[in-house]
Amino acid sequence: MTVESTAARKQPRRSSTGGGKRASAKKPAPQKSTEPELIQLLTPEGKRVKDAKNAVYDAYVADITAEELRALYRDMVLTRRFDAEATALQRQGELGLWASLLGQEAAQIGSGRATRDDDYVFPTYREHGVAWCRGVDPTNLLGMFRGVNNGGWDPNSNNFHLYTIVIGSQTLHATGYAMGVAKDGADSAVIAYFGDGASSQGDVAESFTFSAVYNAPVVFFCQNNQWAISEPTEKQTRVPLYQRAQGFGFPGVRVDGNDVLAVLAVTKWALERARTGEGPALIEAFTYRMGAHTTSDDPTKYRNDDERAAWEVKDPILRLRAYLESEGHADEGFFAELDDESEALGKRVREVVRAMPDPDLMAIFENVYADGHALVDEERAQFAAYQASFADAPAAGEVK
């Protein structure tokens, strides 16, 4: 991208016609560039890439075994199956909302499997694959979307924080936690997930500042899925997102977010830096949201089918499967057994969700104020009376 000269950026105070109207400021042209260079170890066709550019990162997966590769594949397949079942449950009225991860499995599984048990993860609301890697039961993710609890799991049991709905705020939480880790002298690291849309939030910029100044052991993991609801990345930034790290004084790297091996390697590298006192890093996982932003969204209104089709050939699961088959690391028996396991998972998810007990409706009035409040007491009484009115109402067809 070229940089305009100082003279070119100056705007005249009045129009040349002398009519006293201010000249309209020239709008900067949207960035028109090809995909910036990214780290890739597995091509969309399933071929391993080994060259000088990737050598540093390749070392982190150089000794990966066939069993570990199959495990990564299993993680992605089961995560996608869970996600598909959750989407179907929402469409059938069993969930209030769902944020799909379809297409982002490699970014989440690769980064999630790079973490250690003592690392701490701060997610947004789409990191279902990372939750899977951290050992959180997938059915626990659904309680909040069904409206029966405020999260569904103990964050400290798996070092995986509750989902964060406020866009970008978890990066500040992660930075503060990481600063505490450093003060405690621990050698663990923190990883914070966010999307390309959240990268425009002030909280994210503040997190970058504090983490750099205090050399906090935190890895910022941005899943750039190209769309912040209906806003394309070009409306969010004029430079590739990973380059923002330079202005804050720590490294940034762009990785092929549909390449589970590359994501695993780059995240291991960044977490190792953090644990050894080298400070923060920014990873931009260049991927694509194949579905809607959430089930309340219609992506056909703002993007075309050709764009999606271009990304379908880069599918992270098909990519790894091609590699497994070409290297003889998996046979048809493995894939058939995984299909059965996938269907069993979908069935279990559906059964558990439908069996979830309804919440205590009066619980919404608890913990509003530490010492109680007259207005809340009044609202509680009014709501209780409203609920009681249903018990007194006649049943269908009954006349009172």
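The values are calculated or read from the model by the stated rules, or taken from the named source; none is laboratory data. Given the structure is predicted, the values throughout are model-derived calculations rather than measurements. Because the Cβ atoms are built from the backbone with ideal geometry, glycine has one as well, and the counts that use them run over all protein chains shown. What goes into the accessible areas is simple: the full protein's heavy atoms, side chains included, and nothing from ligands, DNA or RNA. Shrake-Rupley method; radii C 1.70, N 1.55, O 1.52, S 1.80 Å.
Tally the residues that are under 21 Å from residue 86 (Cα atoms) and either polar (S, T, N, Q) or not in a loop (DSSP other than H, G, I, E, B) (or both), restricting the search to segment 145-164.
Qualifying residue count, segment 145-164: 6.
When the residues of segment 166-212 are narrowed to those that are under 18 Å from residue 276 (Cβ atoms) and among the charged types (D, E, K, R), which ends up most open to solvent (accessible area, probe 1.4 Å)?
Once the filter is applied, the top-ranked residue is 183.
Can you find even one residue in segment 243-253 that is part of a loop (DSSP other than H, G, I, E, B), in contact (Cβ under 8 Å) with a residue 12 or more places away in the chain and out of contact with any Leu (no Cβ under 8 Å at 6 or more places or on another chain)? Walk me through how you get there before you give the answer.
Of all residues in segment 243-253, those part of a loop (DSSP other than H, G, I, E, B) come to 249-251.
From the residues that got through so far, the ones that are in contact (Cβ under 8 Å) with a residue 12 or more places away in the chain too are 249-251.
Pick out the ones that are also out of contact with any Leu (no Cβ under 8 Å at 6 or more places or on another chain) and you get 249.
Taking every residue of segment 243-253 in turn, at least one turns out to be part of a loop (DSSP other than H, G, I, E, B), in contact (Cβ under 8 Å) with a residue 12 or more places away in the chain and out of contact with any Leu (no Cβ under 8 Å at 6 or more places or on another chain).
Which members of segment 144-158 meet the condition of being touching an Asp or Glu at 6+ places or on another chain (Cβ under 8 Å) and buried (at least 19 other Cβ atoms within 10 Å of the Cβ)?
146, 153
Looking for whichever is at pLDDT 95 or above, over 30 Å from residue 185 (Cα atoms) and either touching a Phe, Trp or Tyr at 6+ places or on another chain (Cβ under 8 Å) or not in a helix (DSSP H, G or I) (or both) here; the options are 328, 277, 291, 333. Which one fits? I'd like the intermediate steps shown before the answer.
Values: 277 fails: over 30 Å from residue 185 (Cα atoms); 291 fails: at pLDDT 95 or above; 333 fails: either touching a Phe, Trp or Tyr at 6+ places or on another chain (Cβ under 8 Å) or not in a helix (DSSP H, G or I) (or both).
From the options 328, 277, 291, 333, the qualifying one is 328.
Within segment 136-171, count every residue that is out of contact with any Phe, Trp or Tyr (no Cβ under 8 Å at 6 or more places or on another chain) and within 21 Å of residue 188 (Cα to Cα).
Qualifying residue count, segment 136-171: 5.
So, in segment 164-195, how many residues would count as being of a type outside the set (Val, Ile, Thr) and closer than 23 Å to residue 133 by Cβ?
Going through segment 164-195, the residues of a type outside the set (Val, Ile, Thr) turn out to be 168-170, 172-174, 176-180, 182-189, 192-195.
Add one more test, that the residue is closer than 23 Å to residue 133 by Cβ, and what stays is 168-170, 173-174, 177-178, 186-189, 192-195.
Number of matching residues: 15.
Return a yes/no flag: does segment 239-251 have any residue that is surrounded by fewer than 19 Cβ atoms within 10 Å (Cβ to Cβ) and among the charged types (D, E, K, R).
No, segment 239-251 has no match at all.
Give the residues of segment 174-196 that are part of a helix (DSSP H, G or I) and more than 16 Å from the chain's Cα centre (by Cα), sorted by residue number.
Restricting attention to segment 174-196, the residues satisfying the condition of being part of a helix (DSSP H, G or I) are 174-184.
Within segment 174-196, 175, 176, 177, 178, 179, 180, 181, 182, 183, 184 qualify.
Can you tell me which residue is surrounded by the most Cβ atoms within 10 Å (Cβ to Cβ) among those in segment 221-235 that are out of contact with any His (no Cβ under 9 Å at 6 or more places or on another chain) and hydrophobic (A, V, I, L, M, F, W, C)?
Here the residue is 221.
Quick check on my filter: what residues within segment 326-345 are touching a residue at least 60 places away in the same chain (Cβ under 8 Å) and open to solvent by 40 Å² or more (accessible area, probe 1.4 Å)? Walk me through it before giving the result.
Here is the first cut: in segment 326-345, the ones touching a residue at least 60 places away in the same chain (Cβ under 8 Å) are 326-327, 329-330, 334, 338, 341-343, 345.
Those that are touching a residue at least 60 places away in the same chain (Cβ under 8 Å) and open to solvent by 40 Å² or more (accessible area, probe 1.4 Å): 326, 327, 329, 334, 341, 343.
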